[in-house]
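Below is one structure, written out as structure tokens, with a few remarks after it.
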Amino acid sequence: MGLEQLYQQVILDHSKSRHGSGLASTAAPEGAASGQSHQLNPVCGDEITVRVAVSDGHVSQIRWDGAGCSISMASASVLSDLAEGMEIGEFTGVIATFRDMLRSRGKVTADPEVLGDAAAFEGVSRYAARVKCAMISWVAAEDALGQAVSKSGK
Amino acid sequence: MVATPAHLLPSVGLPSAAQLGNEEVLRIRNDFPILQQPVNGMPLVYLDSGATSQNPLSVIESEQEFYEQRNSAVHRGAHFLAVEATEGFEDARATVASFIVADWDEVVWTSNATEGLNLLSYSFLNASLPGAAPEAAQFALGSGDEIVVTEMEHHANLIPWQQLAQRTGAIVRYIPVDDHGVLDLEAAESIVGPRTRILAFTHASNVLGTINPVERLVRLAHGVGALVVLDACQSAPHMPLDVKDLDVDFAVLSGHKMLAPTGVGVLYGKSELLNAMPPFLTGGSMITTVTMEKAEFLPSPQRFEAGTQKISQAIALASAANYLTETGMGRIHEWESVLGMRLVEGLASIPGVRVLGPEAGVERLGLASFDVEGVHAHDVGQFLDSRGIAVRVGHHCAQPLHRRYGLTATTRASTYLYNTTDDVDALLEGVAAVRGYFGA
């Protein structure tokens with residue numbers, strides 16, 4: 001398969017625009033419960049810190065700081081766009097869908113209705129070495145979300 | 001009686017006196033089945049031998065021949081196959097010993113170089129414990145002792161020493177590298193001192209390509225009574241290696257980096273040292289007398305070879321050593337220097353590319369690690385793969401070294417005797433196109 005299926009234009013664009021980056025420079029919204037998670041990929045040294053804030057049963061803000069390849073940076077950017085404002089249960093469902101797609105070795109077709117721009121990562125599932133790159137920010141978000149939810153007492 | 005196969009005989013053909021060139025390299029490449037295949041529709045350009053080299057057919061056949069004709073346990077059994085297997089195994093040891101100019105009983109088979117370094121570290125730890133034999137006292141470490149390594153070490157030649165230090169109260173000190181990937185020898189002279197018990201360093205850097213001044217470091221260490229451990233993983237496959245001439249106390253190397261299969265490596269040690277060291281792994285094959293209470297151990301090398309050994313891999317490693325000797329280690333080294341220079345000069349002239357290690361024109365191994373501004377190493381590697389070019393990306397098991405240069409990951413192209421200047425040029429052409437593709 002060609003490089004274009006891996007590096008879809010939406011991935012290349014997000015890898016540069018990096019929506020949601022700037023954790024250190026942005027405070028969590030007042031009154032929201034937040035959690036923060038740092039993840040490291042020891043294979044390549046990529047790392048990311050994601051902070052998730054929740055209020056009224058919704059993800060009220062996602063911010064992240066990280067360094068890594070275009071796949072990992074684009075994935076964090078897409079995640080931020082997708083998750084903000086989403087109901088918590090729906091977000092955990094989307095994380096599970098994204099993970100299933102990435103682990104499917106190309107067998108699961110992405111549904112843009114559910115995954116939005118994250119559907120562009122479908123091609124990554126055929127590159128076993130790159131699955132972690134796409135997944136790292138989502139793993140951090142999942143962990144941070146869990147912390148935020150338990151702090152919010154839900 | 002099955003005759004010893006020609007590839008195991010110690011007398012191998014003399015290498016040609018002429019320098020290696022593209023024409024002969026293309027003939028050499030024909031010996032390597034894996035290099036004949038296309039990758040992503042392109043001819044494979046394999047530039048990842050620093051991680052794992054490929055096997056010539058003669059090496060693959062030597063392993064197959066063992067299983068077809070001689071497979072048996074070694075050093076036990078009185079039957080025909082047991083004798084055949086033992087002879088093959090010990091002939092292989094003699095061949096590999098002669099490849100590094102050691103005596104046969106100074107070559108201990110290990111699974112890889114990492115295991116060789118852990119063997120040393122754990123043996124020295126055993127020597128440091130209460131109840132160790134008196135002859136092991138020379139290896140005992142304690143509070144106030146220092147283990148010196150360099151900033152350019154592979155994790156395999158770093159973490160075993162960190163662990164040994166943590167367990168014995170010793171400390172680890174580092175000889176720094178300068179901006180051009182060269183060891184700071186002035187600093188080394190102030191760091192290596194009366195407290196130094198072990199100086200462990202790489203002969204040649206897997207990241208920088210730097211070839212270290214072994215003789216000078218050995219003199220420094222021996223001057224203060226310290227033991228010298230040489231990581232020869234990147235030198236043994238690529239240049240003539242004479243452990244006796246270098247006068248190192250220990251050296252490790254890895255089979256799969258020198259045309260042999262994975263799962264086999266070598267620990268070299270001076271015979272008198274090996275025989276005074278406490279064993280690391282214990283069990284069958286390494287003992288003389290065993291009672292319900294205790295055991296006595298065989299001398300080296302069996303002392304360190306508990307359990308059933310990697311017999312076919314050892315035989316294949318000897319076959320690889322013969323292939324290299326016949327080609328000529330000096331010629332291989334010269335050719336790879338040519339490729340290394342071409343790599344560095346070419347990469348350095350591409351805008352936005354920063355090459356680590358010695359500058360263009362300075363001697364280095366036939367490898368180069370580099371950073372492409374604005375493009376992560378993983379993306380560089382993926383882009384090159386789409387052109388059939390295999391390189392390594394990441395920190396190459398040298399995180400402290402990458403940190404030293406303010407990087408987390410680089411791309412590394414590493415050559416071997418089967419690479420032509422066309423391979424280097426294909427890489428350079430690919431790297432030149434990377435930033436455009438990713439819009440960097």
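Take A:SER104 and tell me if it is in contact with a Pro (Cβ under 8 Å, 6 or more places away or on another chain), more than 14 Å from every other protein chain (Cβ to nearest Cβ) and polar (S, T, N, Q). No; evaluated as a whole, the condition is false for this residue.
Filtering the range A:14-45 to residues that are at the interface with another protein chain (Cβ under 9 Å from one of its Cβ atoms) and not in a loop (DSSP other than H, G, I, E, B) leaves A:SER15, A:LYS16. Highlighted here are the helices (runs of 4 or more DSSP H) found entirely within the range A:58-118 that include at least 3 residues which are in contact (Cβ under 8 Å) with a residue 24 or more places away in the chain: A:70-83, A:88-102.
If you go through the range B:387-407 and pick out every residue that is touching a helix residue (DSSP H, G or I) at 6+ places or on another chain (Cβ under 6 Å) and either crowded, with 24+ Cβ neighbours inside 10 Å or at pLDDT below 95 (or both), you end up with 5. Of all residues in the range B:199-249, those satisfying the criterion of being assigned to a strand (DSSP E or B), within 27 Å of B:ARG331 (Cβ to Cβ) and touching a residue at least 60 places away in the same chain (Cβ under 8 Å) are B:ALA204, B:ILE211, B:ASP231. Criterion applied to B:LEU401, B:LEU407 was being assigned to a loop (DSSP other than H, G, I, E, B) and touching an Asp or Glu at 6+ places or on another chain (Cβ under 8 Å), and the one residue passing it is B:LEU407. Can you name every residue in the range B:350-387 that is on the phi > 0 side of the Ramachandran plot and away from every other protein chain (no Cβ under 12 Å)? If the condition is that a residue be on the phi > 0 side of the Ramachandran plot and away from every other protein chain (no Cβ under 12 Å), then B:GLY352, B:GLY357, B:GLY361 are the ones that fit. Candidates in the range A:47-101 are the residues that are over 23 Å from A:VAL131 (Cα atoms) and touching a Ser or Thr at 6+ places or on another chain (Cβ under 6 Å); of these, the one that is farthest from the other protein chains (Cβ to nearest Cβ) is A:VAL54.
Restricting attention to the range B:284-306, the residues that are closer than 28 Å to B:VAL228 by Cα, in a loop (DSSP other than H, G, I, E, B) and either among the basic types (Lys, Arg) or free of Cβ contacts under 8 Å to residues at least 40 places away in the same chain (or both) total 3. Residues in the range A:1-24 that are more than 17 Å from A:SER60 (Cα to Cα) and either under 16 Å from the mean Cα position of the chain (by Cα) or of a type in the set (Ser, Thr, Tyr) (or both): A:TYR7, A:VAL10, A:ILE11, A:LEU12, A:ASP13, A:HIS14, A:SER15, A:LYS16, A:SER17, A:ARG18. Of the residues screened, B:ALA170 is one that is touching a Ser or Thr at 6+ places or on another chain (Cβ under 9 Å), free of Cβ contacts under 8 Å to residues at least 40 places away in the same chain, of a type in the set (A, V, I, L, M) and more than 14 Å from B:ASN212 (Cβ to Cβ). Summed over the range B:178-214, the residues that are acidic (Asp, Glu) and under 14 Å from B:ALA232 (Cβ atoms) give a count of 0.
Let's see how each residue does on (1) assigned to a helix (DSSP H, G or I); (2) closer than 12 Å to B:ILE198 by Cα; (3) outside the structural domain of B:ALA226 (by TED's automatic domain parsing):
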| residue | (1), (2), (3) |
| --- | --- |
| B:ALA97 | yes, no, no |
| B:VAL108 | no, no, no |
| B:LEU117 | yes, no, no |
| B:LEU120 | yes, yes, no |
| B:LEU125 | yes, no, no |
| B:ALA132 | no, no, no |
| B:GLY142 | no, no, no |
| B:VAL148 | no, yes, no |
| B:LEU164 | yes, yes, no |
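Checking each residue of the range B:370-383 against the condition of being of a type in the set (D, E, K, R), touching a strand residue (DSSP E or B) at 6+ places or on another chain (Cβ under 6 Å) and not in a helix (DSSP H, G or I) gives at least one match. Give me the residue from the range A:27-59 that is among the hydroxyl-bearing types (Ser, Thr, Tyr) and within 18 Å of the chain's Cα centre (by Cα) and, out of that set, surrounded by the fewest Cβ atoms within 10 Å (Cβ to Cβ). Checking each candidate, the answer is A:THR49. Residue check: is A:ALA134 within 14 Å of another protein chain (Cβ to nearest Cβ), farther than 30 Å from A:GLU30 by Cβ, touching a residue at least 40 places away in the same chain (Cβ under 8 Å) and among the hydrophobic types (A, V, I, L, M, F, W, C)? Here the answer is yes, as A:ALA134 does meet what is asked.
The values are calculated or read from the model by the stated rules, or taken from the named source; none is laboratory data. The structure displayed is predicted, hence computed values, not measured ones. Neighbour counts run over all protein chains shown; Cβ positions are idealised from the backbone, glycine included.
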